[in-house]
Structures are given as C-alpha cells and as structure tokens.
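Here the structure comes first, spelled out in structure tokens, and everything after it is commentary.
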Amino acid sequence: MTEQQSSNWVREQYQKVAQFLAEKGVIIDAVILEQSRVMEPVLTVWKVKATDGKQYWAIGGDLPSDVAPVSVAADARAVLKHFSLHWQLKAENLLKLENPDQTQQDFAKLLIGRAEGLYAMAEQDDLWKTS
C-alpha cells in the first residue's frame, strides 16, 4: 500500500468502527492511540474513551466490528484473544440453533474463521514487538 492508501484504509476502518459504536450507543470522545493497534490491511484495535467517560476496546477491519469494555483485557494483544473466544462461543450458539438458516450458518463459519485468525495473530510474538 502507498502511504495515501494506508492512511485512507485506517480512516475508513476508524469510521466503520465509530459508526458501529454509535449504533450501540457509544459515542467516541477520544482514541487512546498509544494502546491502539493497526495491522493493515487486516484489522484495527482501538482503545476508545466514550463521551460518558467509559473506555472500550473496539475491533474492525476485514472482520466483523465488535466492542467490549476495557476491563476484559489489559492490552490490544489480550483483547484479540478475548474476541477470538467470544466469537467461537457466538458461532457455537448459532450452530446449536434448532434450524439455523443459511445466513446464520454462514455467519457462524465466518466468525470461526476470523476467531482462529485473531488467535493466531495474538500468538505471533513478532507482531507485538515495539521498537
């Protein structure tokens, strides 16, 4: 990616996550950049402070957007493991439905694949080294 493409991608991911949070009733007041992570072109992990003073982890990118209270994880790496487990459980519950429709089955498969990818990324030490 060029620098401009990279900048555009990050901005688009932030806007998608901000819209997702707004739909959940969370309005971003500030992003805590030093604890957020961008791993383009795959995912973004934002630590945000809402206008009500609460803090959240929000994830976006080439995966479903999601949000969790900041208390679930100490850092961006740990929050990937949180979302991985959360998505595995959500997928399992979808697949346990008596008659899951094709959309539910497809979403469950997507969650499983993305959850496995998140966990693999969290386990890669070289992605988490700071210079």
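The values are calculated or read from the model by the stated rules, or taken from the named source; none is laboratory data. These figures come from a predicted structure and were not determined experimentally. Cβ atoms come from the backbone with ideal geometry, glycine included; neighbour counts cover every protein chain shown.
Applying a threshold of 7 Å to beta carbon distances and a minimum spacing of six or more residues, or different chains, the list of pairs starting in region 51-65 at a residue that is among the acidic types (Asp, Glu) and ending at one that is modelled with pLDDT under 95 reads 62/41; 62/42; 62/43. Per the conditions (1) aliphatic (A, V, I, L, M); (2) over 15 Å from the mean Cα position of the chain (by Cα); (3) modelled with pLDDT of 95 or more, the sole criterion not satisfied by residue 70 is (2).
Do we have residue 112 as more than 21 Å from residue 16 (Cα to Cα) and under 15 Å from the mean Cα position of the chain (by Cα) here? The answer is yes for residue 112.
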